[in-house]
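Notes follow the structure.
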Amino acid sequence: MMKQIVTQRLTLRPLNFDDKHWVLALQKDELWLKFIGSRNVDSLDDACDYIARTNAQREEWGYGLLAVEDKQSGAPVGVCGLFNRFAFECPDLGFAMLPEARGKGLCFEACEGVICWARSQGYGFLTAMTHPENRASQRLLSKLGYKTQGSYFDKGITEQKLFWLTLS
């Protein structure tokens, strides 16, 4: 079960209801809305519902989305984790950082921690998807070793660029 991941500068841990304020802020962030899209998190109650759903998925699948905290300050900086997209036989890496955390290598470090955890659990590969215009996330995935696999289409979402990472 994915419970906690610790890296040099970060602690990744399950979301809790005390996170509702920054989870709401993250979901209202301009880049979140542009590249991930609205998840109908428009209030603190909605943020609590999102946290509950996220944790229920983690309990069901054994992996999921985690809060990313700066170890030194204890401040949340974003989210990172694995999702079940049901289209593949492997988990899908997802991440988003608060504006103040971007450009500091924190997302890369969080993703490395999640990838290391996935490798330790015996996963042979991971996927990731980005909005076609999300160049920053595409550069990050390439830096992590992901390879472009073309486009992914599914009802209810816009076209996504698909990436693949072999872990073995």
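Numerical summary
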read-out	value
All positions within the stretch 1-41 that are in contact with a Phe, Trp or Tyr (Cβ under 9 Å, 6 or more places away or on another chain) and polar (S, T, N, Q)	GLN27, SER38, ASN40
Scan of the stretch 15-43 for residues that are β-branched (Val, Ile, Thr) and either modelled with pLDDT of 95 or more or over 17 Å from LEU82 (Cβ atoms) (or both), ordered by number	VAL23, VAL41
Any hit, the stretch 53-61, residues being of a type in the set (Gly, Ala, Ser) and surrounded by 13 or more Cβ atoms within 10 Å (Cβ to Cβ)	no
Some residue of the stretch 149-168 being of a type in the set (Val, Ile, Thr), touching a Phe, Trp or Tyr at 6+ places or on another chain (Cβ under 8 Å), surrounded by 13 or more Cβ atoms within 10 Å (Cβ to Cβ) and more than 26 Å from ALA75 (Cα to Cα)	no
Residue that is surrounded by the fewest Cβ atoms within 10 Å (Cβ to Cβ) [pool: residues in the stretch 15-52 that are within 22 Å of THR130 (Cβ to Cβ) and acidic (Asp, Glu)]	GLU30
Positions within the stretch 90-111 being closer than 12 Å to LEU126 by Cβ and not hydrophobic (A, V, I, L, M, F, W, C), in sequence order	PRO91, ASP92, GLY94
Count of residues meeting criterion [in a helix (DSSP H, G or I) and basic (Lys, Arg)] in the stretch 95-129	1
Boolean, LEU12 is at pLDDT 95 or above, farther than 26 Å from ASN134 by Cβ and either touching a strand residue (DSSP E or B) at 6+ places or on another chain (Cβ under 9 Å) or surrounded by 12 or more Cβ atoms within 10 Å (Cβ to Cβ) (or both)	no
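The values are calculated or read from the model by the stated rules, or taken from the named source; none is laboratory data. None of the values given here were measured: they were computed from a predicted structure. In this analysis, Cβ positions are derived from the backbone assuming ideal geometry, glycine residues included, and neighbour counts consider all displayed protein chains.
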